[in-house]
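K.L.:
Input: one structure, supplied below.
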Amino acid sequence: MTKKHGSAKWQGGLKDGRGHVSTESGVLDDQPYGFNTRFEGKKGTNPEELVGAAHASCFSMALSMILEDYDLKADSIETKATVTLEEKDGGFTVTASHLEVEARIPNASQEQFNEAATTAKENCPISKLLTAEITMDAKLV
């Protein structure tokens, strides 16, 4: 079993407050986040961006693993996960994560790629964590 952690500190109210987020590895160390970085495009991070990065990286690793079942190895897998946050029922809800994937995989057929990408989308641990709709555009180049 693997356990990893992230942490956040927050001070103040929702709109005038500010926070900092860190990861166990130290790759993120007291990075700023707040209402303005989440909703107003200010410099800093936000929870949806972090979930998107987690989903994209998890999917890419899962796809790499599944390709090995076809005796294939990717030259590159580039994944972008766009996480949608919507106001619903008086609150906010993450409603979707859309994966955009471009992969260079020597000797892969379109059918093998489509099967592997779909399996990765449905089974990577972060996909399983999310209850939002998860969609994908996958391109073998």
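K.L.:
Among the listed pairs Lys9/Lys139; Lys9/Lys73; Lys42/Lys80; Lys4/Lys121; Lys88/Lys139; Lys15/Lys121, which have their C-alpha atoms separated by more than 31 angstrom in this model? Provide the component values of the computation, followed by the final result.
P.N.:
Working: Lys9/Lys139 39 Å; Lys9/Lys73 41 Å; Lys42/Lys80 21 Å; Lys4/Lys121 22 Å; Lys88/Lys139 33 Å; Lys15/Lys121 35 Å.
Over 31 Å apart, Cα to Cα: Lys9/Lys139; Lys9/Lys73; Lys88/Lys139; Lys15/Lys121.
K.L.:
Hey, rough spin-label estimate for Met61 and Lys128, points 7 angstrom out along Cα→Cβ, what's it come to in nanometres?
P.N.:
Going by the 7 Å Cα→Cβ label model, 1.3 nm.
K.L.:
Hull surface divided by four, with the convex hull built on the Cα atoms of region 28-89: how many nm²? Walk me through the numbers on the way to the answer.
P.N.:
Working: hull surface 25.5 nm².
The orientation-averaged projected area of the Cα hull of region 28-89 comes to 6.4 nm².
K.L.:
Counting each DSSP H run of 4 or more residues in the chain as -39500 (n - 2.57), what helix-only mean residue ellipticity at 222 nm follows after dividing by all residues, to the nearest 500 deg cm²/dmol?
P.N.:
Helix-only estimate at 222 nm: -10000 deg cm²/dmol.
K.L.:
Heavy atoms only, 1.4 Å probe, whole protein assembly: order Glu78, Glu48, Glu115 by accessible area, highest first.
P.N.:
Values: Glu78 125, Glu48 25, Glu115 85 Å².
Accessible-area ranking of Glu78, Glu48, Glu115, largest first: Glu78, Glu115, Glu48.
K.L.:
Moving on. Please say if the chain is rounded, prolate or oblate, where rounded means a/c under 1.5 for a ≥ b ≥ c the square roots of the C-alpha gyration tensor eigenvalues, and otherwise the choice is prolate for a/b larger than b/c and oblate otherwise? Intermediate values should be presented prior to the final figure.
P.N.:
Details: a/c = 2.54, a/b = 1.96, b/c = 1.30.
The shape class here is prolate.
K.L.:
If I compute solvent accessible area with a 1.4 Å probe over the protein chains, what percent of it on region 62-141 is carbon and sulfur? Working shown, then result.
P.N.:
On the way: 2190 of 4980 Å².
C and S atoms contribute 44 percent here.
K.L.:
Taking the simple approach of a point 7 Å from Cα along Cα-to-Cβ for both Glu40 and Glu102, what is their distance in nm?
P.N.:
3.4 nm
K.L.:
Moving to a separate point now. Under the 0.36 nm per residue contour assumption, what length would be gained going from the current alpha-carbon distance of His5 and Val27 to full extension?
P.N.:
Values: separation 22, 0.36 × 22 = 7.92 nm, distance 1.20 nm.
The His5-Val27 span can extend by a further 6.7 nm.
K.L.:
Between the helical axis of 47-68 and the dominant principal axis of the chain, each derived from Cα atoms, what acute angle in degrees is found, rounded to the nearest 10?
P.N.:
The helix 47-68 is inclined about 20 degrees to the chain.
K.L.:
Val27: accessible area at probe 1.4 Å, nearest 10 Å²?
P.N.:
Counting only protein heavy atoms, Val27 exposes about 120 Å² to solvent.
The values are calculated or read from the model by the stated rules, or taken from the named source; none is laboratory data. All values derive from a computational prediction rather than experimental measurement. Counting neighbours? That spans all protein chains shown, and the Cβs are built from the backbone with ideal geometry, glycine included. When the accessible area is computed, the model is the full protein with side chains, heavy atoms only, and any ligands, DNA or RNA have been set aside. Shrake-Rupley method; radii C 1.70, N 1.55, O 1.52, S 1.80 Å.
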